[in-house]
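*Asks:* My questions all concern the structure below.
The values are calculated or read from the model by the stated rules, or taken from the named source; none is laboratory data. Predicted, not measured: the structure shown is a model, and the values here were computed from it. Every residue, glycine as well, gets a Cβ built from its backbone with ideal geometry; the counts of neighbours run over all protein chains shown. SASA here: full protein model, heavy atoms, side chains in, ligands and nucleic acids out. Shrake-Rupley method; radii C 1.70, N 1.55, O 1.52, S 1.80 Å.
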Amino acid sequence: MAFPSRVALLVAGVLVMLGLSAAAAAAEGRGSVCFRRVFSFGDSLTDTGNFLLSVPEDFPDPARNLPYGQTFFGRPSGRYSDGRNLLDFFAEAFGIPFVPPYLGGGDFQYGANFAVGGATALKGSFFRERGVEPTWTPHCLDEQMQWFKKLLPSIAPSETEQSDMMSNSLFFVGEVGGNDYNHLIVRCKSLDELHELVPNVVGAISSAITELISLGANKLVVPGNFPIGCVPLYLAIFPSQKEDYYDEQTGCIKWLNEFAEYHNKMLQEEVENSKSPNFTNVQIIQQTL
């Protein structure tokens, strides 16, 4: 099955499974109370402003300018999109305001977004020990988790309030991990080196999931990686005349998409393993290719 169809099918499945009541309520124009809050961890796919808030105002970044934001906000909004991103659509379906970036401060009554454009699942030290400098942002998944734990007492001071908040919130853990591989891919590292990185990336995501569960989370969305062989940058820097190099239906680079599938397979297995008997009420929905 071609990648675009598989992605559309599974993403739609996540939206239907989590947002059925929200969609029905929205159709009737009465909003939704499926989740009181949404918390998100990840990278540019769900960042709503953290990256730009984490760098100096004169830091050159394309997301400061149009066409970013132009189709919905009419201005750059800190999102790496020409309009809304996936997190925004979920918030709209649940009838809550757009999830604010954590670094922007303010009111987190309806949740907080810790995702940062360029973030990795692994710490920067992991890459430096291997001679790779993670240049995009230091705010990895572990640091985002620390931000969440720092915020938690201010929005749920007591154990009872924390239990109630965690059980009535939706947690996005990802997409994250793609930038870990991007750091190696843009440096033309071998496929074997990429494969060696997968258990570490998946392990970091699993650790975040386990920690959230231990804090009381019981509704999590764990997105897989997308078809990276269709990314225009990679199509430009990895051209080839080899037969069978590109997918006949999509024109995408097959080996990169196959690698993304491998990551998702390993993540799926790890997610299933994380659902121990101690967490029988936890529902983890994973989007894969």
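*Asks:* Shape verdict for region 71-110, please, from the Cα gyration tensor: rounded (a/c under 1.5), prolate (a/b greater than b/c) or oblate. Write out the running numbers ahead of the final one.
*Replies:* Working: a/c = 2.23, a/b = 1.21, b/c = 1.84.
Oblate, since a/c reaches 1.5 and b/c is not below a/b.
*Asks:* Taking region 199-258, which GluC sites (Glu not before Pro) meet the DSSP loop condition and have no more than 16 other C-beta atoms within 10 Å?
*Replies:* In loop regions of region 199-258 (DSSP not H, G, I, E or B), the sparsely surrounded GluC sites (Glu not before Pro) are 243, 248.
*Asks:* Just the number, please: Stokes-Einstein D of region 45-88 in µm²/s, Kirkwood Rh from C-alpha pairs, 20 °C, 1.002 mPa s. Please list the in-between numbers first.
*Replies:* Details: Rh = 10.3 Å.
Answer, rounded: 209 µm²/s.
*Asks:* DSSP loop (so not H, G, I, E, B), at most 13 other Cβ within 10 Å: list which trypsin sites (Lys or Arg not before Pro) in region 219-262 pass both filters. Each step should come with its number before you reach the end.
*Replies:* Values: sites: 219, 242, 254; in loops: 242.
Sites meeting the loop and neighbour criteria: 242.
*Asks:* Tally up the carbon and sulfur contribution to the accessible surface of region 112-204 as a whole percent, 1.4 Å probe, everything protein left in place. Kindly include the intermediate steps, with their values, before the conclusion.
*Replies:* Values: 1840 of 3790 Å².
Its accessible area is 49 percent carbon and sulfur atoms.
*Asks:* Based on the Cα gyration tensor of region 126-273, what are the three equivalent ellipsoid semi-axes, each the root of five times an eigenvalue, rounded to whole Å and given largest first?
*Replies:* The three semi-axes for region 126-273 are 35, 17, 13 Å.
*Asks:* Given the options 106, 138, 153, identify the residue whose Cα lies farthest towards the positive end of the charge dipole of region 69-155 (+1 on Cβ of Lys, Arg; -1 on Cβ of Asp, Glu).
*Replies:* 138
*Asks:* Which whole-angstrom value gives the distance between the alpha carbon centres of region 109-163 and region 182-234?
*Replies:* 15 Å
*Asks:* What Kirkwood hydrodynamic radius, in Å, does region 67-161 give when the mean of 1/r is taken over all pairs of distinct Cα atoms and then inverted? Provide the component values of the computation, followed by the final result.
*Replies:* Values: mean 1/r = 0.0651 Å⁻¹.
In region 67-161 this quantity evaluates to 15.4 Å.
*Asks:* Add +1 for every Lys or Arg and -1 for every Asp or Glu among the other residues with Cβ under 12 Å from the Cβ of residue 204, and state the total.
*Replies:* On the way: positive: 123; negative: 142, 143, 180, 211, 270.
Once positives and negatives cancel, what remains is -4.
*Asks:* When the dipole is taken about the Cα centre of region 77-174, and only Lys, Arg (+1) and Asp, Glu (-1) are charged at their Cβ, what size is it in debye, to the nearest 20?
*Replies:* Details: 7 positive and 11 negative charges, 66 e Å.
Taking the Cα centre of region 77-174 as origin, the dipole is about 320 debye.
*Asks:* Extending each Cα 7 Å along its Cβ direction at residue 125 and residue 150, get the distance between those two points in nm, one decimal.
*Replies:* Roughly 1.8 nm, to one decimal.
*Asks:* I would also like to ask the following. Quickly rank 224-233, 118-127, 67-76 as a protection proxy: mean count of other C-beta atoms within 10 Å, highest first.
*Replies:* Working: 224-233: 18.6, 118-127: 21.0, 67-76: 14.8.
Top to bottom by mean Cβ count within 10 Å: 118-127, 224-233, 67-76.
*Asks:* How large is the dipole of region 37-101 about the Cα centre if only Lys and Arg carry +1 and Asp and Glu carry -1, each at its Cβ, rounded to the nearest 20 debye? Spell out each step's value before the answer.
*Replies:* Details: 5 positive and 8 negative charges, 38 e Å.
Magnitude of the dipole: close to 180 debye.
*Asks:* In what order, largest first, do 47, 107 sit by accessible area if the probe radius is 1.4 Å? Write out the running numbers ahead of the final one.
*Replies:* Values: 47 0, 107 105 Å².
I get 107, 47, largest accessible area first.
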